[in-house]
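Worksheet: one structure, shown below.
The values are calculated or read from the model by the stated rules, or taken from the named source; none is laboratory data. Everything numeric here is computed off the predicted structure, so don't read it as measured data. Every residue, glycine as well, gets a Cβ built from its backbone with ideal geometry; the counts of neighbours run over all protein chains shown.
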Amino acid sequence: MKWLHFWASARVLLHCIFNTVGQTKVGIETCPRGPNKSEVSDTVLSSTTQQGKGTSSPSEISRALSFPSFSPNSFILFLLSPLSFSSLLPSPSPNSHMASLHPTHHSPSFTSSSSQPSFPPNLAYLQRVTFSNRFVASKVSLKSQPHSHQVPVHTQHQQGTVASAVTPVESGASLKQLKAESPSVEESHGAPSVEESHGDAGFEKDGDGSTVSITVVGASGDLAKKKIFPALFALYYEDCLPKHFTIYGYARSKMTDAELRNMVSKTLTCRIDKRANCSEKMEQFLKRCFYHSGQYDSQENFAALDKKLKEHEGGRTSNRLFYLSIPPNIFIDAVKCASLSASSGNGWNRVIVEKPFGRDSESSAALTKSLKQYLTEDQIFRIDHYLGKELVENLSVLRFSNLIFEPLWSRQYIRNVQLIFSEDFGTEGRGGYFDHYGIIRDIMQNHLLQILALFAMETPVSLDAEDIRNEKVKVLRSMRPLRLEDMIIGQYKSHIRGGVTYPAYVDDKTVPKDSLTPTFAAATLFIDNARWDGVPFLMKAGKALHTKRAEIRVQFRHVPGNLYNRNFGTDLDRATNELVIRVQPDEAIYLKINNKVPGLGMKLDRSNLNLHYAARYSKEIPDAYERLLLDAIEGERRLFIRSDELDAAWSLFTPVLDELEQKKIIPEYYPYGSRGPVGAHYLAARYNVRWGDLGTDIEQ
């Protein structure tokens with residue numbers, strides 16, 4: 001009789017728990033926003049009885065019962081494992097509980113209804129509802145309605161949310177039985193899976209009805225081999241590409257499909273934490289890669305490409321992405337031919353354009369005008385790969401999601417901002433291209449200026465691409481015209497170090513011996529608005545310097561009436577805080593603070609509060625091209641440059657560039673491997689600033 005008493009008590013306890021508590025389990029797939037595997041699954045367990053007493057919140061139950069935290073299924077198995085009580089429980093009739101789902105028209109909820117089951121009145125039944133969502137788990141609540149067997153499932157509506165059928169499961173069932181007996185929505189009702197629903201990402205809702213064709217124009221070049229194809233493979237490995245896709249290389253070089261695959265395979269690698277099935281994945285990816293040889297200005301050749309693309313698309317809705325990895329002087333020819341002879345008639349068409357976007361305001365405007373003869377602004381994706389860097393994308397997160405930073409982000413607390421880019425190598429083979437543009441056009445006018453705009457912009461209305469780009473344009477238009485006296489230019493010369501002779505810039509065979517093209521530049525810019533009035537923004541970019549780095553340095557003002565000034569003397573730089581965001585290499589964010597050295601005396605030093613990404617996050621950081629390619633496929637324009645943004649950037653630099661060339665300003669020469677021209681230090685000192693990368697920081 002004791003075990004019968006125990007079973008009766010257990011039934012009462014189970015009835016109380018499962019009438020009130022739902023357990024949720026969330027599993028997030030690898031690619032959180034990709035079109036193929038971006039799902040979040042929630043498994044919600046609840047129960048209902050004929051009496052249907054309703055639900056209580058988990059917090060109410062936890063206050064009422066001090067009970068161990070394990071799942072309802074595990075608790076059932078724990079209680080029933082010593083003995084089998086299945087013979088004591090009446091079995092339900094085969095078709096006694098058929099569930100169906102129907103969405104309401106006025107609220108984002110689903111209801112599961114059933115006929116009257118022939119179960120004992122006090123027996124608890126587990127009902128399972130499965131949700132799939134592309135992005136995040138929906139908030140779910142279940143209510144049992146009195147005297148009915150309908151269980152409304154109320155969920156916060158998000159696109160891609162799907163509810164599966166509800167099935168009765170005996171309370172003594174195992175977890176395997178629960179999984180086996182719960183049909184999915186796809187099996188029961190033919191609804192599309194999340195994997196097939198990509199409307200908001202630029203895909204057709206029916207994944208089997210659409211395909212994406214990616215054409216790399218200039219596929220035989222270094223950029224395609226070293227960056228574009230490896231980035232596409234990384235997206236494929238992470239299941240971020242759509243179910244149906246084809247990659248075509250297009251270039252003037254004669255090459256077969258096999259030769260392209262052999263060339264591409266030499267540059268493909270798997271991340272350290274993703275080595276499983278790497279060879280198999282690589283083989284599958286290469287089977288999706290093909291090649292077509294043709295001229296960039298031949299409509300006939302692009303028409304032949306179009307025919308091949310259609311063969312692979314197999315009658316599906318065709319979405320086409322063209323990546324122009326070619327020199328700017330042939331952009332228009334390639335766009336014209338692709339638009340007239342190889343564009344999709346029933347899907348979207350997008351073109352990624354690599355920098356530089358012209359040489360000045362006039363050439364940039366002419367390029368934009370020519371592109372818009374064949375494309376709309378929404379079809380043009382002007383790529384600046386620095387905007388895809390992890391730390392650059394994290395810039396707005398750091399500022400707008402941390403209360404401690406946003407109030408300090410103004411002239412009241414920030415003394416100066418430094419944007420520093422340096423490379424420890426010269427042009428080395430790229431001299432012919434580089435000599436036509438120089439360091440100002442190659443780095444400062446795009447990479448550094450884009451980072452500055454993101455750093456200094458006002459809070460956008462939302463994270464929508466247009467809202468963010470609107471704020472960036474406002475910053476660029478608020479900037480004071482750059483003057484020649486606010487700029488220093490330099491060029492590296494030959495230097496012997498450790499018995500090794502490093503060549504001068506003009507020693508490059510592709511560079512004219514009398515070239516005045518700067519390989520180094522430093523400039524001071526000002527933003528004339530209420531937030532940044534009077535704060536100098538210093539840019540510095542150069543080749544053949546002592547180290548390779550890209551970073552943002554925010555130097556704060558000194559503390560008024562600082563009690564510890566005597567511990568620092570007259571060197572206010574030692575007394576001020578500094579926030580450093582290191583974009584590359586070894587991504588990190590650190591804050592320099594003043595700290596007392598342990599001991600009996602009052603000695604102060606500067607310490608770093610350091611977030612080193614490699615130490616904090618075990619996964620390798622995706623390459624910038626991966627993020628930008630995925631954004632282009634999904635139609636996300638936030639990290640791409642709009643035409644008016646480009647116009648504002650060129651209007652800032654064009655006057656000083658024209659003056660440099662017209663007056664033939666001779667650059668200041670600096671040794672290969674040094675810290676750059678001395679003039680850069682005088683430029684900073686004019687505004688009472690010292691370059692932050694000159695110290696001996698702990699992290700360096």
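Identify the single condition in (1) within 24 Å of the chain's Cα centre (by Cα); (2) free of Cβ contacts under 8 Å to residues at least 40 places away in the same chain that ARG261 does not satisfy, given that it satisfies every other one.
(1)
Give me the residue from the range 313-348 that is in contact with an Asp or Glu (Cβ under 7 Å, 6 or more places away or on another chain) and in contact (Cβ under 8 Å) with a residue 40 or more places away in the chain and, out of that set, surrounded by the most Cβ atoms within 10 Å (Cβ to Cβ).
ALA342
Here's a check for you: in the range 413-449, which residue that is assigned to a helix (DSSP H, G or I) and touching a helix residue (DSSP H, G or I) at 6+ places or on another chain (Cβ under 6 Å) is nearest to SER363 (Cα to Cα)?
Ranking the qualifying residues of the range 413-449, first place goes to GLN445.
Regarding SER339, is this residue modelled with pLDDT of 90 or more and either on the phi > 0 side of the Ramachandran plot or in the same structural domain as VAL554 (by TED's automatic domain parsing) (or both)? Before you say what the answer is, go through the steps one by one.
Details: modelled with pLDDT of 90 or more: yes; either on the phi > 0 side of the Ramachandran plot or in the same structural domain as VAL554 (by TED's automatic domain parsing) (or both): no.
Judged against the criteria, SER339 is not a match.
Residues that are under 30 Å from ALA456 (Cβ atoms): which strands (runs of 3 or more DSSP E) entirely in the range 301-397 hold 2 or more of them?
Numbers: elements: 317-324, 349-354, 380-383.
Answer list for the range 301-397: 349-354, 380-383.
Tell me yes or no: at least one residue of the range 350-360 is without any contact (Cβ under 8 Å) to a residue 60 or more places away in the chain and surrounded by fewer than 19 Cβ atoms within 10 Å (Cβ to Cβ).
From the range 350-360, those without any contact (Cβ under 8 Å) to a residue 60 or more places away in the chain are 351, 353; that's our starting set.
Subset that is surrounded by fewer than 19 Cβ atoms within 10 Å (Cβ to Cβ): none.
No, the range 350-360 contains no residue that is without any contact (Cβ under 8 Å) to a residue 60 or more places away in the chain and surrounded by fewer than 19 Cβ atoms within 10 Å (Cβ to Cβ).
Return a yes/no flag: does the range 498-521 have any residue that is of a type in the set (D, E, K, R), crowded, with 19+ Cβ neighbours inside 10 Å, assigned to a loop (DSSP other than H, G, I, E, B) and in the same structural domain as GLU636 (by TED's automatic domain parsing).
Yes, because at least one residue in the range 498-521 is of a type in the set (D, E, K, R), crowded, with 19+ Cβ neighbours inside 10 Å, assigned to a loop (DSSP other than H, G, I, E, B) and in the same structural domain as GLU636 (by TED's automatic domain parsing).
Any residue at all in the range 371-383 that's under 18 Å from SER651 (Cα atoms), outside the structural domain of ASP644 (by TED's automatic domain parsing), in contact (Cβ under 8 Å) with a residue 24 or more places away in the chain and within 28 Å of the chain's Cα centre (by Cα)?
Let us first name the residues in the range 371-383 that are under 18 Å from SER651 (Cα atoms), namely 382.
Now narrow it down to the ones that are outside the structural domain of ASP644 (by TED's automatic domain parsing): 382.
Next, only the ones that are in contact (Cβ under 8 Å) with a residue 24 or more places away in the chain stay: 382.
If we keep only those that are within 28 Å of the chain's Cα centre (by Cα) too, we end up with 382.
Looking for residues that are under 18 Å from SER651 (Cα atoms), outside the structural domain of ASP644 (by TED's automatic domain parsing), in contact (Cβ under 8 Å) with a residue 24 or more places away in the chain and within 28 Å of the chain's Cα centre (by Cα), one finds at least one in the range 371-383, hence yes.
Any residue that is surrounded by fewer than 15 Cβ atoms within 10 Å (Cβ to Cβ), of a type in the set (Gly, Ala, Ser) and assigned to a loop (DSSP other than H, G, I, E, B) - is there at least one of those in the range 622-635? Steps first, please.
Taking the range 622-635 and keeping what is surrounded by fewer than 15 Cβ atoms within 10 Å (Cβ to Cβ), we get none.
No; the residues of the range 622-635 include none that is surrounded by fewer than 15 Cβ atoms within 10 Å (Cβ to Cβ), of a type in the set (Gly, Ala, Ser) and assigned to a loop (DSSP other than H, G, I, E, B).
So is LEU609 surrounded by fewer than 17 Cβ atoms within 10 Å (Cβ to Cβ) and within 28 Å of the chain's Cα centre (by Cα) or not?
Values: surrounded by fewer than 17 Cβ atoms within 10 Å (Cβ to Cβ): yes; within 28 Å of the chain's Cα centre (by Cα): yes.
Considered against the rule, which asks whether it is surrounded by fewer than 17 Cβ atoms within 10 Å (Cβ to Cβ) and within 28 Å of the chain's Cα centre (by Cα), LEU609 comes out as yes.
ILE489 - would you say it is closer than 20 Å to TYR687 by Cβ and either in a strand (DSSP E or B) or modelled with pLDDT under 95 (or both)? Reasoning before the result, please.
Values: closer than 20 Å to TYR687 by Cβ: yes; either in a strand (DSSP E or B) or modelled with pLDDT under 95 (or both): yes.
Yes, satisfied.
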